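Written out below as structure tokens is the structure these notes cover.
The values are calculated or read from the model by the stated rules, or taken from the named source; none is laboratory data. In this text the structure is predicted, and so the values were computed from the model without any measurement. Note: ideal-geometry Cβ built from the backbone for every residue, glycine included; neighbour counts use all protein chains shown. SASA here: full protein model, heavy atoms, side chains in, ligands and nucleic acids out. Shrake-Rupley method; radii C 1.70, N 1.55, O 1.52, S 1.80 Å.
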Amino acid sequence: TRIVQASNPGLKPQYADNFDATVEYYLKPAGVLSFGVFLKEIDDFIYNSAGTIIPPGSDNGFNGEYEGYELRTQANGGFAKIKGIELSYMQQFTFLPGIWSGLGAYANYTKMDIEGNYGAGTAISLTPTSEVPGFNPTTGNAGISYIRQKLSLRLQYNYAGRYLTSYSANQSRLIYAKARPIFIFKSEYRISKRFDF
């Protein structure tokens, strides 16, 4: 593949100031509805860097080897600001009659807007599709559950939007993860206090 993966021992630690505010409303007989906003300000954020081509010459960092290969490593960015909202809902329908009292539902949604720069002196206004690697601008889950006595069943839909995984100054070498919808089914049967299947 003509790719060299290398560590970067010169990485600096990243620092963040986080501000969060959440309002919760508790539903009867068992549930909660919440809304939250957050702000994260990150200095020297660490990101995956791709797209650098290893030059020729004995001083290319690899004793003259791997000329023309793509170098992938980690680097420190400059400054990033992440603003977002979080919505969450969870409820057990214990008020339903008979076996239906074991039903429950839950959902959550997170939306982020990101802006920042890569420490090169030029601020970059980043789009909702996220140009800061590793930060997914849109995620969500929704599911139903059934919990009764020793049996527990859950069916969940998970969505993660398209986001950047590796940054490159060369736009054609940006690496993205595709949007990913997934269905997950979980089941559990409790045999005793110590064992479940």
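What distance in nm separates the two pseudo spin-label positions at TYR25 and ARG190, each 7 Å out from Cα along the beta-carbon direction?
3.1 nm
Pop out the ³J(HN,Hα) list for region 180-187 in order, Karplus 6.51 cos²θ - 1.76 cosθ + 1.60 with θ = phi - 60°, rounded to Hz; leave Gly and Pro as x.
9, x, 9, 9, 10, 10, 10, 9
Using θ = phi - 60° and the Karplus form 6.51 cos²θ - 1.76 cosθ + 1.60, what ³J(HN,Hα) does each residue of region 17-34 get, whole Hz, x for Gly and Pro?
Taking θ as phi minus 60°, the curve returns 9, 10, 10, 9, 9, 9, 10, 10, 10, 8, 9, 8, x, 8, x, 8, 10, 9 Hz for region 17-34.
Could you tell me which of GLY134, GLN5, LEU33 has its Cα farthest along the dipole of the chain towards the positive end, charges placed at Cβ (Lys, Arg +1; Asp, Glu -1), taken about the Cα centre?
Final value for the positive-end residue is LEU33.
Farthest toward the dipole's positive end in region 39-78, which of PRO55, ASN76, TYR66, given Cβ charges of +1 (Lys, Arg) and -1 (Asp, Glu) about the Cα centre?
Positive-end residue among those listed: ASN76.
Please report the accessible area of ASP17 (heavy atoms, 1.4 Å probe, ligands and nucleic acids excluded) in Å², nearest 10.
We get 90 Å² for ASP17.
Could you give the size of the charge dipole of the chain about its Cα centre, using +1 on the Cβ of each K and R and -1 on the Cβ of each D and E, expressed in debye and rounded to the nearest 20? Spell out each step's value before the answer.
On the way: 19 positive and 16 negative charges, 250 e Å.
That gives a dipole near 1200 debye.
Taking amide hydrogens as modeled 1.01 Å from N in the peptide plane, which residues meet the under 5 Å criterion relative to GLY77, leaving out close sequence neighbours?
Long-range HN contacts for GLY77: PHE45, ILE46, TYR47.
Starting from the Cα of PHE95, step 7 Å along the direction of its Cβ; do the same at ASP113; then give the gap between the two resulting points in nm.
It works out to 3.7 nm between the two label points.
Convert each backbone phi in region 73-85 into a coupling constant with the Karplus relation 6.51 cos²θ - 1.76 cosθ + 1.60 (shift: θ = phi - 60°), then list the ³J(HN,Hα) values in order as whole Hz, x for Gly and Pro.
Those phi angles translate into 7, 10, 8, 8, x, x, 9, 9, 10, 10, 10, x, 10 Hz.
Mind giving me the FRET efficiency for PHE183 and ARG162? R0 is 22 Å, r the Cβ-Cβ distance, nearest 0.05 is fine. Kindly include the intermediate steps, with their values, before the conclusion.
Working: r = 19 Å, r/R0 = 0.86.
For R0 = 22 Å, the calculated efficiency reads 0.70.
Of LYS28/LYS150; LYS83/LYS178; LYS12/LYS83; LYS111/LYS186; LYS40/LYS186; LYS83/LYS186, which sit over 29 Å apart, Cα to Cα? Write out the running numbers ahead of the final one.
On the way: LYS28/LYS150 24 Å; LYS83/LYS178 22 Å; LYS12/LYS83 24 Å; LYS111/LYS186 26 Å; LYS40/LYS186 33 Å; LYS83/LYS186 33 Å.
From the list (LYS28/LYS150; LYS83/LYS178; LYS12/LYS83; LYS111/LYS186; LYS40/LYS186; LYS83/LYS186), the Cα-Cα distance tops 29 Å for LYS40/LYS186; LYS83/LYS186.
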